[in-house]
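The values are calculated or read from the model by the stated rules, or taken from the named source; none is laboratory data. This structure is a prediction, so every number in the text was calculated from the model and none was measured. Glycine gets a Cβ as well: all are built from the backbone with ideal geometry, and neighbour counts include every protein chain shown. Heavy atoms of the whole protein, side chains included, go into the accessibility calculation; ligands, DNA and RNA do not. Shrake-Rupley method; radii C 1.70, N 1.55, O 1.52, S 1.80 Å.
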Amino acid sequence: MYNYDDEVIEVFLEKQEQLFPEIVAETPEEAEEFLEDCMAVVCKNLREVKEYFEEAGTDIAGMSDDEILEASEVFELPSGRFLIVEG
């Protein structure tokens, strides 16, 4: 089972429309449940984001760091970590 902290849940609630055309969660509880259902991943840094995509078979060869971080499924957290939600 995943454990998402308040920062992760808050950022997802605020920015979920960068990935989805409509709101998928309105409360922290709904957001946490949605993230669990999607098996969202929290990465400590950009290196872990790249490793995640490589392990998932996503072709990121030739992409700049900025292009990777601008992907709609990547949510930058104020603490410097990253949330990856595959829709």
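Looking only at residues of the range 3-19 that are exposed (fewer than 14 other Cβ atoms within 10 Å of the Cβ) and in a loop (DSSP other than H, G, I, E, B), we find that the one that is modelled with the lowest pLDDT is 3.
Could you identify the single residue in 68, 60 that is assigned to a helix (DSSP H, G or I) and either of a type in the set (Gly, Ala, Ser) or open to solvent by less than 40 Å² (accessible area, probe 1.4 Å) (or both)?
Numbers: 60 fails: assigned to a helix (DSSP H, G or I).
Within the list 68, 60, the selection yields 68.
Of the residues making up the range 20-36, those that are closer than 22 Å to residue 70 by Cβ and open to solvent by 60 Å² or more (accessible area, probe 1.4 Å) are 21, 22, 23. Contact list please: Cβ distance under 6 Å, first residue in the range 63-87 and closer than 14 Å to residue 15 by Cα and in contact (Cβ under 8 Å) with a residue 24 or more places away in the chain, second residue open to solvent by 70 Å² or more (accessible area, probe 1.4 Å) and not in a loop (DSSP other than H, G, I, E, B), pairs at least six apart or on different chains. Taking only residues 6 or more apart or on different chains, the pairs are 72/18; 75/15; 82/76.
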